[in-house]
Amino acid sequence: MKKLNLFNVDVIDHLVQPAEFAEANLNSAALDFLSDFKTNSPMMIDASTCAVEAEDMMNHEHTKLKVVIDANQEMIGLISYEQLSIQNVLQRLGKGVNRTDLTVGDLMRPRDEIKALAYQQIKHCTIGDVLNTLQHNGEQYCLVIDTESHHIRGVISASDIASRLHIPVHIEKAPTFLNIFDRMYA
């Protein structure tokens, strides 16, 4: 048996992450940017979690997106850090909801409003193709579905793409009639 020597961690020793080593660009495989739930557990949060608590939790965990689950551990939506912002909370408070009563379920993007790409499709695409699709559709993120097994396989986020490629990514959501109506009467 070999004897190993322990030593102190030096102040100049840097915590590395996989993204620092990948030579990624817009022509890189889209699968390289997939937060794959087959290999990494999704970041999940219960729909009944208080919105203020959820914002603190996401800030502490340095995460921008979580899968919202019900009591049966099934996905019912997605919540982004942006959706927990004070602006969204204030809109709800203006409608007579108490801040302490506001939950993740109140602010999340419900499952039926979430866009997805097929896993089988992105296996043959570049991340530039995916980013272009997200920008064209005004989506900050999309789920990836294995259409053969009907599994929610993962998520791809425009902010993750921007961070890994060190490029600015601007995605503007086209306003719907309901968005305009809500702003006028909020």
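The values are calculated or read from the model by the stated rules, or taken from the named source; none is laboratory data. Treat the numbers as computed from the prediction; the structure is a model and nothing was measured. Cβ coordinates were reconstructed from backbone atoms using ideal geometry, including for glycine residues, and neighbour counts include every protein chain displayed. Accessible surface is based on the protein model in full, side chains and every heavy atom, while ligands, DNA and RNA are left aside. Shrake-Rupley method; radii C 1.70, N 1.55, O 1.52, S 1.80 Å.
The lone criterion from (1) of a type in the set (Val, Ile, Thr); (2) at pLDDT 95 or above; (3) farther than 23 Å from Asn40 by Cα left unmet by Ile171 is number (2). Restricting attention to region 152-166, the residues that are open to solvent by 60 Å² or more (accessible area, probe 1.4 Å) and either on the phi > 0 side of the Ramachandran plot or not in a helix (DSSP H, G or I) (or both) add up to 1.
Could you check region 24-143 for strands (runs of 3 or more DSSP E) lying wholly inside it with 3 or more residues that are within 13 Å of the chain's Cα centre (by Cα), surrounded by 13 or more Cβ atoms within 10 Å (Cβ to Cβ) and hydrophobic (A, V, I, L, M, F, W, C)?
On the way: elements: 44-46, 65-69, 75-80, 116-118.
By residue number, 65-69.
Of Thr100, Thr63, Thr126, all but one fail to be out of contact with any His (no Cβ under 8 Å at 6 or more places or on another chain), over 23 Å from Ser28 (Cα atoms) and in contact (Cβ under 8 Å) with a residue 40 or more places away in the chain; the exception is Thr100.
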